[in-house]
Amino acid sequence: MRKSALFIFSILLLINCTQQKVEVGVITDKAMVVSAREEASKIGVAILQKGGNAFDAMMATELALAVSFPYAGNIGGGGFMVYRKNTGEIGALDYREKAPLAATKDMYLDSIGNVIEGKSTLGSMAVGVPGTVAGVFAAHQKFGKLSVEEIIQPVIDLAKKGVIVTQKQEDRLKKHTPAFRKANKETILLDNNWKKGDTIKYNALAETLSRIQKNGRDEFYKGETAKKLALFIQDNGGIITEEDLAKYEAKWRDPITFTYDDLKIISMAPPSSGGICLAQIMKAIEPYDLHSFGHNSTKAIQVITEAERRAYADRSHFLGDPDFVKIPRNTLISKEYNTERMKSFSFEKATSSSELSHGTVDFNESTETTHYSIVDQYGNAVSVTTTINAAFGSKLYSSELGFFLNNEMDDFSSKPGVPNMFGLVGAEANKIEPEKRMLSSMTPTIVEKEGKLFMVVGTPGGSTIITSVLQTILNVHEYDMGMQAAVNQPRFHHQWLPDDIKMEPKGFSEKVKTNLQNLGYALDETNSPVIGKVDAILVLPNGKLEGGADHRGDDTAVGF
Ligand code: GLY
C-alpha cells in the first residue's frame, strides 16, 4: 500500500533506455493495440487510423486474431470485454459460451459416476455454444463508428493472403497435431507439418467471414453458417443444434469495481470469476506494505499467496453464472470480509489449504486464451479476453467453415470436487445446466488513477489469469515499473488447490525459495514454464501510451 512515485518511474525509463534492455515498451502519442500477433494489432490500428474507435478496433482485432492466432483467437469460442469511454462511462460485455439445451449435469460421467476422461476437453461433446460473433457485433452496434464491411475487409484480406508461421507457432502445432488427429475424421489445414516462415492461407475462414460481412451476426447464428455448423457438430457426435445457435445472445453486465489505494479497478463480473477474485485478493493485501517488503520478496509472496488461497477457495464455492446462481457479490469484494479472511494468516507459517474452506457469507443482501488491450485516439479504452479454452479448443476443426470449436464445457464442474484441466475444483454453483454459462477466470481489466484512464490489462492463462493481472498492476503501482517492465517480471500463482505456489522457473532467488519452503510452502517450478501472456497499455505521466507486449508469446504493441 503506497502512493506511486511517478517521477521515479520516469527516471527508470531513462535508465532502462541507456541499458538497452527491452524493458520499455512501444511508446505512442495517442492510440495503441496490443495483442498476441502483430498482424492483428496492425489491423486494429489501421481501423483506428481510418477514424474508427476502440469498439471498431475490437471487432477488427478479435476477428484478425481468429485468422492469425487460431491457438486461441476465434469465432468458435467466446469472451468478455470491459470498456471505459472517454466520458468515464464504464461497462462490460459477456459473450461467454453457453451449455447447449440438451446438456445435463452428469453428461461427462460414466454409469458409476466417474468423470469420463477427455469427454469435456476433446471433440464435439466439449463444445459450448459460441459467443464471439455475437459479442463483437453487440459492441459494434452500441458504440461502433465505421461500417462492418469496412472493419471486416482487412481481416478477409489477411485470411486470403495468409499468415506467416512463427517459431512459437511451429512448436505449438507440432505439440498438438496428435490431438488434431484424434478429434477430427479428416486431416485438417493445420496438420501439415508447418514450419517457421511458411505461409498458411485461411481460405475457408475468409469465405465464412465474407458471409458474416454481408449478412451480419445472424449469418453465424441463423444463416447458412449456423446450419453448416450445427450439422458439422452433430455429424461428429455433438449435441449443439440450430436452435442453440439461434437462441444465443451476448449480455451487457455491470463490471466489478473497487478501489486499491488511489486506484479504481474496473474488471469483469460473473460469469467470470476474474473481477470478484481480483477484488478479493487486492482488498486482502491492501493493508500490507508490499512496497517496503520488496518486489517478489518472501514476505510479499507470502501475503499475496495467502490472499490468493482464500479468494480461490471462495471462487470454487460461490461463483457461477449469475443468471442461475445467487452470488454474494458485494460481501465477497468488501474490505471487511477480506480482512476477516486474512485473520488466520501469520507470517510465521503457511496456511494449509486442507484447513481452509470457503468463507461464511450472508446471502441476504466467477490456459489458453488470448487478451488484447486497446486505447483509441479519442481516449476510449477496451480490454478484451477471448478464448476457445484449451490450445486450439476442442481440436475439432470445421474444414468447410475454417475454424476450431471451443472446449469451454470443461470450465463447468463436471463433478463437484473433481478438478478440471486447470486443476480448479468446482462446486454446485458451477454445475452444468442447459443454457448456463460456465464459470471463467478471464479478467479483462481497466485501471483508473485520479479519475483518469491509467492502465488497460489482461492475459490468457486459465486459472492463472487473475494472479497475472494482479501482479502486473502491483508491479506498476507498488514497484514503480513501466508497462513493459511490469509485464516482463517473473510471476507466481496459488489457487487454493493444489496447495502449492507455481513459479516461473529461474525467476526467483534461491534465498526466497528456501525461505518459503522453510515456512511450509510447497513450490512447483516444473509445471509452469509460462504464467500468463499479459498484453497491456499504460498511460504515462505525459499522456503518451506505453505498451506492454508479453515476450512469452509473439505479442506485439502497435500504435500512433
Ligand atoms: N477457459 C478459461 C477461462 O475462461 O477462464
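The values are calculated or read from the model by the stated rules, or taken from the named source; none is laboratory data. Everything quoted here is computed from the prediction, not taken from an experiment. When we count neighbours, we look across all protein chains shown, and the Cβ atoms used for this are built from the backbone with ideal geometry, even at glycine. The protein model used for the area step is the full one, side chains on, heavy atoms only, and it has no ligands, DNA or RNA in it. Shrake-Rupley method; radii C 1.70, N 1.55, O 1.52, S 1.80 Å.
Computed in the context of the full set of protein chains, the accessible area of segment 25-72 at 1.4 Å probe radius has 48% of its extent on carbon or sulfur.
With K and R counted +1 and D and E -1, the other residues having a Cβ less than 15 Å from that of PRO529 yield a net charge of +2. Put a dot 7 Å past the Cα of LYS160, heading toward its Cβ, do the same for GLU400, and the two dots end up 2.3 nm apart. Rolling a 1.4 Å probe over the protein heavy atoms gives segment 220-325 an accessible area of 29 Å² per residue. Selection among ALA557, MET438, MET58 by position relative to the dipole of the chain gives ALA557 as farthest towards the positive end (Cβ unit charges, Cα centre). Projecting the Cα atoms of ILE151, ASN407, SER528 onto the charge dipole of the chain (Cβ charges, centred on the Cα centre) puts ILE151 farthest toward the positive pole.
Using a simple spin-label model with pseudo-atoms 7 Å out from Cα toward Cβ, THR187 and ASN114 lie 3.7 nm apart.
Pairs over the 22 Å Cα-Cα cut-off, from the set LYS452/LYS533; LYS502/LYS533; LYS161/LYS196: LYS452/LYS533. Amide H to amide H distances under 5 Å link LEU540 with LEU545, GLU546, where only residues 5 or more positions off or on other chains count and H is placed in the peptide plane.
Residue-wise HN-Hα couplings along segment 471-477, as the Karplus relation 6.51 cos²θ - 1.76 cosθ + 1.60 with θ = phi - 60° gives them from phi, are 5, 5, 5, 5, 4, 6, 6 Hz; Gly and Pro carry x.
Near GLY79, within a Cβ-to-Cβ distance under 14 Å, what is the net charge of the other residues, with Lys and Arg +1 and Asp and Glu -1?
Computed value for this residue: -2.
Across segment 247-255, computed HN-Hα scalar couplings (Karplus, 6.51 cos²θ - 1.76 cosθ + 1.60, θ = phi - 60°) run 7, 5, 9, 6, 10, 7, 10, 7, x Hz from first to last residue, x flagging Gly and Pro. Across segment 434-450, computed HN-Hα scalar couplings (Karplus, 6.51 cos²θ - 1.76 cosθ + 1.60, θ = phi - 60°) run x, 6, 7, 8, 6, 5, 10, 10, 5, 9, x, 9, 10, 10, 9, 10, 6 Hz from first to last residue, x flagging Gly and Pro. Candidates THR339, LEU319, GLY548 compared by Cα position along the dipole of the chain: farthest toward the positive end lies GLY548, with charges placed on Cβ. Within the accessible area of segment 457-519, what % is carbon and sulfur when the probe is 1.4 Å and the other protein chains stay in place? That fraction is 54 percent. Of the peptides 538-550, 474-486, the order by per-residue mean of other Cβ atoms within 10 Å, starting with the highest, comes out as 474-486, 538-550.
Listed by chain and number, the lysines whose alpha-carbon sits under 19 Å from that of LYS222, ignoring those within fewer than 8 places in the same chain, are LYS98, LYS214, LYS247, LYS251. From most to least packed by mean Cβ count within 10 Å, the peptides 303-310, 57-64, 24-31, 171-178 give 57-64, 303-310, 24-31, 171-178. Amide H contacts of ARG253 (H built 1.01 Å from N, in plane; Pro and chain starts excluded): ALA92, LEU93, ASP94 sit under 5 Å, all sequence-distant by 5 or more or on other chains. Computed from the Cβ-Cβ distance with R0 of 22 Å, the FRET efficiency linking ASN330 to VAL418 stands at 0.15.
Can you work out the FRET efficiency for the pair THR339 and ASP289, with r the C-beta to C-beta distance and R0 = 25 Å, to the nearest 0.05? Efficiency, rounded to the nearest 0.05: 0.95. The charge dipole of the chain, taken about the Cα centre with unit charges on the Cβ atoms of Lys, Arg (+1) and Asp, Glu (-1), comes to about 600 debye, rounded to the nearest 20. Counting pairs of alpha carbon atoms under 8 Å apart in space and at least six apart in sequence, what relative contact order in percent does segment 15-122 give? The normalised contact order for segment 15-122 reaches 12 percent.
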